[in-house]
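Following: one structure in structure tokens, then a few remarks.
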Amino acid sequence: DFNEVLDPDRLQYKECFAVVRCTYEGETYSRCVYIWVDKDYAMVRGHVQGYPKKLGDIWLTRPVTVGKAGPRLEPGGRFGATCSAYGRRLIEAEFTITGPSSHSGFVNALPMIHHRFFPAIEANGADSLNELVTMKGYDAEVSPAFTGDADLRIFESPVEELSRLAPQEMIAGYWRSVGVSWNGGTTLADLRPKTDE
């Protein structure tokens, strides 16, 4: 019934994630290797879907259509974003629009592949859940896309290995609003050891 629209604290959240391209049994996927969100319900929902979500503090510049309190979605518009967790800055990004784009990179162009994992309560090393899953969105709506110059800084952390993903070369940055619905997925593989029962 979409009542959460009237209670935005239950509806709106921010996220910051790193996605890599991978293959599984000859098919190409996007795989989310790191992701932080700023709401607990988004984290729990992500765990059900197989995203490795963690709580973090995420901020990003939002475009404006009136006034001077932010950039416009037009050439020259400058945006910034930060992600912090455990009291440490992990990521900083800057993006300056140079013009419109016919696409917004490959992140949303491929199906996602996730690892759903949950250890058993027994201390024997067994898993209650250990599977590879995939999902695709439906009812997607996207805004016009913009491309531009981007700078991404990834910092060392004593509790994250994110700095291993520091960019070697920045090809381009993109800005686009995306709305998509999810309703289940497909189990690709049950990774629990087979037992004789």
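Summing Cβ point charges (Lys, Arg +1; Asp, Glu -1) relative to the Cα centre of region 35-134 gives a dipole of roughly 420 debye. Angle check, please: helix 40-49 long axis (alpha carbons) against the longest principal axis of the chain (alpha carbons), in degrees 0 to 90, nearest 10. Once rounded, one gets 60 degrees. Gain on full extension, evaluated as 0.36 nm per residue between residue 41 and residue 106 minus their Cα-Cα distance, stands at 20.7 nm.
Figure legend: label point modelled 7 angstrom from the Cα of residue 152 along Cα→Cβ; residues of region 82-97 with amide N under 15 Å from it are 82-83, 90-96. Contact order, relative form, for the chain: 17 percent (alpha carbon pairs under 8 Å, 6 or more residues apart, mean separation divided by residue count). Putting +1 on Lys and Arg Cβ atoms and -1 on Asp and Glu Cβ atoms, find which of 146, 128, 183 reaches farthest to the positive end of the dipole of region 112-197. Of 146, 128, 183, it is 146.
Exceedance of the 28 Å cut-off in Cα-Cα distance is limited, within the set 53/136; 14/136; 14/194; 39/136, to 14/194. Listed by chain and number, the aspartates and glutamates whose alpha-carbon sits under 12 Å from that of residue 54, ignoring those within fewer than 8 places in the same chain, are 15, 38, 40, 160.
Evaluating 6.51 cos²θ - 1.76 cosθ + 1.60 at θ = phi - 60° for every residue in region 93-105, the Karplus couplings come out as 9, 9, 9, 10, 5, 10, x, x, 9, 7, 8, 10, x Hz, glycine and proline recorded as x. Legend: calculated FRET efficiency, residue 120 to residue 25, from the Cβ-Cβ distance at R0 = 22 Å, rounded to 0.05, equals 0.20. Residues in region 86-91 carry Karplus couplings, in order, of 6, x, 10, 6, 9, 9 Hz; the curve used is 6.51 cos²θ - 1.76 cosθ + 1.60 with θ = phi - 60°, and Gly or Pro positions show x. Comparing Cα centroids, region 66-143 and region 147-197 end up 7 angstrom apart. Take the Cα of residue 33, step 7 Å toward its Cβ, do the same at residue 172, and the gap between the two points is 2.3 nm. Of the options (1) 1.78; (2) 1.15; (3) 0.99, only one is Cα Rg over 2.2 N^0.38 Å as computed from these coordinates, and that is (2). Each Lys or Arg adds one and each Asp or Glu subtracts one; over the other residues with Cβ under 14 Å from the Cβ of residue 38, this totals +2.
Only the Cβ atoms of Lys and Arg (+1) and of Asp and Glu (-1) were treated as charged; on that basis the dipole of the chain about its Cα centre amounts to roughly 580 debye.
No value in this document is a laboratory result; all are computed from the given coordinates. Computed from a predicted model, the values in this text were never measured in an experiment. When we count neighbours, we look across all protein chains shown, and the Cβ atoms used for this are built from the backbone with ideal geometry, even at glycine.
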